[in-house]
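Contents: one structure, followed by commentary.
The values are calculated or read from the model by the stated rules, or taken from the named source; none is laboratory data. Owing to the predicted nature of the structure, the values given are computational and were not obtained by experimental measurement. Neighbour counts are summed over all protein chains in view; Cβ atoms, including those assigned to glycine, are modelled from backbone coordinates with ideal geometry. Each accessible area value is taken on the protein alone, full model and side chains, heavy atoms only, with ligands, DNA and RNA left out. Shrake-Rupley method; radii C 1.70, N 1.55, O 1.52, S 1.80 Å.
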Amino acid sequence: MSSTPIRLVLSDVDGSLVTPSKELTEEAVRAVQRLRERDILFAVTSSRPPRGLSMLVKPLDIMTPIGAFNGGLMVDHYMEPLHELTVKEEIVGPIIEALTADGLFVWVYQGTDWFVLDLNSPHVEHESTVVQFRPTELESFDGVRRDVVKIVGVSDNPTQIANATKSIEASFDKDVSATSSQTYYLDVTHRKANKGAVVDYLADDLSIERSSIVTVGDAANDVSMFERSGISIAMGNATDEVKARATHVTRANDDNGFAYAIEHFVLDGGR
């Protein structure tokens, strides 16, 4: 364990902070309270849009900047924008075409708005429940080019996700980041919009050394923040590849893994 005092814990949300049913447990809430009692700040980052994170603010008393869209949009606890990274207008259309060509359904996030072409397409209903608002259905994405923060490719076929990831990286690697927040989502954002950049933003904004930051996550898009923080904790439900990139591995998110991580790797071991 590093001798550097821990000053901030930054956690992913889905698969980490909340249960598989997207709920905050009493143990998780208490763990964040205990961080506060030890003068350790707490922040969250997620591929979710800001509105999909607002329900966490009150129960966790979040006052730090919030990293929505994998850091593509930083907002305060009132959901007011602090910093935004958008995809270049001229490549939004080609990215949508590439994802579609690989057989993925496409979602587009413009500012805080969420657009789809079919409300009945895979995972729309589930995602609506998670973020607690529904998307707007469009006939086409032709008029959606400016201020696009995230484009999502959706498929339950891992091969399609893998092929689409390679296609986006091959054609747009200089401009965008393509990572998976879930096995069935491919998130395409501005190249600098990743969770590692959220660590950098919080370190600068809060005047905290990166070595004093602990990060908690479960997915491939969490590895970039693992690499930028002093201590990283992978969830028990993470893949072996993600676990291998972390300092510690906690229990799964269906077994209060977040609370266990805070108790054993931050509060007990972070003195």
If you go through segment 162-196 one residue at a time, how many are in contact with a Phe, Trp or Tyr (Cβ under 9 Å, 6 or more places away or on another chain), surrounded by 19 or more Cβ atoms within 10 Å (Cβ to Cβ) and assigned to a loop (DSSP other than H, G, I, E, B)? 1
Could you tell me whether any residue of segment 52-67 is buried (at least 24 other Cβ atoms within 10 Å of the Cβ), part of a helix (DSSP H, G or I) and either of a type in the set (Phe, Trp, Tyr) or over 11 Å from the mean Cα position of the chain (by Cα) (or both)? no
Among the numbered conditions (1) open to solvent by less than 10 Å² (accessible area, probe 1.4 Å); (2) touching a residue at least 40 places away in the same chain (Cβ under 8 Å), tell me where Lys88 comes up short. (1)
State whether the residues of segment 91-113 include one that is out of contact with any strand residue (DSSP E or B) (no Cβ under 6 Å at 6 or more places or on another chain), charged (D, E, K, R), surrounded by fewer than 22 Cβ atoms within 10 Å (Cβ to Cβ) and touching a residue at least 60 places away in the same chain (Cβ under 8 Å). yes
Condition first: hydroxyl-bearing (Ser, Thr, Tyr), closer than 30 Å to Thr4 by Cα and within 20 Å of the chain's Cα centre (by Cα). Now tell me which residues in segment 182-216 satisfy that. Tyr201, Thr215
For segment 240-271, enumerate the residues that are in a helix (DSSP H, G or I), touching a residue at least 40 places away in the same chain (Cβ under 8 Å) and among the acidic types (Asp, Glu). Glu263
